[in-house]
1. Output the residue which, of all residues in the stretch 179-209 that are more than 57 Å from the chain's Cα centre (by Cα) and charged (D, E, K, R), is farthest from G278 (Cα to Cα).
2. Yes or no: K213 exposed (fewer than 13 other Cβ atoms within 10 Å of the Cβ), out of contact with any His (no Cβ under 6 Å at 6 or more places or on another chain) and under 24 Å from K306 (Cα atoms)?
3. Just one of V301, V240, V322 is surrounded by 18 or more Cβ atoms within 10 Å (Cβ to Cβ) and within 22 Å of R209 (Cβ to Cβ); which is it?
4. If you check F268, F327, which single one turns out to be in a helix (DSSP H, G or I), surrounded by 22 or more Cβ atoms within 10 Å (Cβ to Cβ) and at pLDDT 90 or above?
5. Determine which member of the set A157, A171 is surrounded by 10 or more Cβ atoms within 10 Å (Cβ to Cβ), in contact with a helix residue (DSSP H, G or I) (Cβ under 8 Å, 6 or more places away or on another chain) and modelled with pLDDT under 80.
Amino acid sequence: MWSNSLHTLPVTKYQQQTLSSIYTQTFNLSKTPSPLKPPPMAAGISFAATPRTVVHLRYGPFPGPKLNSVMVPAPALRISGFLRICHGISRRRVTRRPNLTVCFVLESEKSTRLGEGSGEESAGSEMVAAEAAATAASLTEKLARKKFERSTYLVAAVMSTFGITSMAVMAVYYRFAWQMEGGEIPLVEMFGTFALSVGAAVGMEFWARWAHKALWHASLWHMHESHHKPREGPFELNDVFAIINAVPAIALLSYGFFHKGLIPGLCFGAGLGITVFGMAYMFVHDGLVHRRFPVGPIANVPYLRKVASAHQLHHSEKFDGVPYGLFLGPKELEEVGGLEELEKEINRRIKLAKNL
């Protein structure tokens, strides 16, 4: 049954011709008129004066269409929808063609980028290899320089140690031999010499602590600073302090050796104590702590290992330069609460010694 309904469809000129052709072929209006006449209430086709033509189709209660009306049956609507679908597909096909071209261009750009990337990677690998070779050469040169510096300082240390030690031993021997002449043993003089030698050695630790803080890190910092920087060569400006401390020791030993009596004996003992402290300081400070020459088995002595670790903390400046002393450095760290850091440094040096 046909119902009274109004369908408004926008049509173009081409679609008007197509609808007219379909309608003529379907109902055969050009040959046989329809025997049925719709009632007067049925309206015809109307066109509105708009940019796009609009067709108003009305369907009456009777299946027979009027000659002056246009009916769009279901097949026509289906055909029109089919034409629209085909038109959309054709438009989609047209719009997809540039996408294929774009994909091809992107792929070529990608291959170009890959080629450029491989070239950059090869250039980067060559640069890395060159840097590695330069680093290896620099490391080899640095190791050779360190070896030469250690050998040079070792020769100087051995010569000075042997010379000072032999002179001290000979001086002590001849000094006590002279005291034994005449059959009478000068016990007071001998005891004074021995006591002052021990006292001078211990006193030098406190002197070094005070001088280190009050002089070397103050007015004499321009000389001592070389000891807190990477060394360039077998010697450093800070070594001058060792010579300065050796001058009074040699003077006291000479005076006590060439003179007899209690005062010369005390001077001899003081010079001997300073000499012993200087030799111990050189082996522990220069050899064990800063590795300027090998020290052999003394590196395995537990307390000396603790002393070396404490002095290393002085160079780290974690406790404002404490400890300033050497052999009593662990005691100074204990006073400022640095035992935990001291244990860490000891363990670090043990691991480093095992790796070497």
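The values are calculated or read from the model by the stated rules, or taken from the named source; none is laboratory data. For clarity, every value in this text was computed on a predicted model and none was experimentally measured. Cβ sites come from the backbone with ideal geometry, for glycine too, and all protein chains shown count toward neighbours.
1. E184
2. Working: exposed (fewer than 13 other Cβ atoms within 10 Å of the Cβ): no; out of contact with any His (no Cβ under 6 Å at 6 or more places or on another chain): yes; under 24 Å from K306 (Cα atoms): yes.
Taking the combined requirement at face value, the residue does not satisfy it.
3. V322
4. From the options F268, F327, the qualifying one is F268.
5. Numbers: A171 fails: modelled with pLDDT under 80.
Answer to the selection: A157.
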